[in-house]
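As structure tokens, the structure follows; a few thoughts come after it.
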Amino acid sequence: MKSSLSAFFNVSVVLLIAASATEAWTAIDDEVSDDVSYETIVDELQKQSSKQTSGAARSTSRRSSFSLGNDPFENVWIHAGVGFAQTTQNLSLPNGIDAHMSGRGIQAAVGIDILGPNLAAEGAVRTFGESEDSSSKISLKEFDLKVLFKLRRSNLGFRAGGGLSARYMTVRSGAESFDVTTPASIITVGGDIFLTPSVSLGLDLGTRNAMISETFDKTSFDGTIRLDTHF
């Protein structure tokens with residue numbers, strides 16, 4: 001009887017130990033599985049986030065390139081305006097008479113930025129009414145093309161540059177009339193006060209020098225008050 005009880009007790013202890021060991025290993029396996037699942041989820045979320053971020057960056061880059069490619073004039077400024085000009089010069093006419101011209105005229109100009117905001121090309125048409133001295137009557141028309149270096153600080157602007165001019169002058173002296181067409185070089189400096197971001201009031205000072213010797217229209221000096229719009 002005692003041996004039977006002892007055997008039964010031993011079997012029961014072995015079964016309890018086996019059951020406890022099984023439960024312990026199951027718990028460990030569950031914990032390991034939970035840990036692996038959590039790390040896997042975190043890794044997957046990080047990978048998805050990285051992919052979305054990279055995709056958004058590539059999309060933004062493509063949009064930026066598309067925008068720049070489709071709008072090449074986004075940073076180009078155009079200016080146009082009118083001005084009142086005063087010019088003066090001394091003339092030695094072919095008939096030996098010396099004349100002095102002091103004329104007032106009007107100017108119309110259009111310019112556009114090239115290669116950046118600090119460099120501009122400008123074309124202008126200038127017409128001077130007939131001026132008269134004691135012996136002569138003089139009229140002048142000009143077509144100018146200039147390249148200007150520009151700086152702007154707040155509401156103040158500065159420009160300087162040069163170019164070419166085609167000058168058409170007519171002089172009537174007594175019974176004689178002289179017509180001359182003269183290509184000339186231009187040197188000019190000027191400044192602006194910006195009344196608004198798109199409207200400026202400025203002053204230009206310049207000189208024009210003949211590029212040929214067969215002319216009596218040698219050298220002139222002028223000043224121009226100008227009103228410009230910028231868009």
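Some observations on this one:
- Cβ-placed point charges (K, R +1; D, E -1), dipole of region 134-231 about Cα centre in debye, nearest 20: 300
- Segment Ile112-Thr219, length gained on full extension (0.36 nm per residue, minus Cα span): 35.7 nm
- With the simple spin-label model, which puts each label point 7 Å out from Cα in the Cβ direction, the Leu205 to Ala175 separation comes to 4.5 nm.
- Shape call, region 75-143: gyration tensor on alpha carbons, a/c limit 1.5: prolate
- Probe 1.4 Å, protein heavy atoms only - accessible area per residue of region 110-231 in square angstrom: 52
The values are calculated or read from the model by the stated rules, or taken from the named source; none is laboratory data. Small disclaimer: the values here were computed from a predicted structure and weren't measured. When we count neighbours, we look across all protein chains shown, and the Cβ atoms used for this are built from the backbone with ideal geometry, even at glycine. All accessible areas refer to the heavy atoms of the entire protein, side chains included, with ligands and DNA or RNA removed. Shrake-Rupley method; radii C 1.70, N 1.55, O 1.52, S 1.80 Å.
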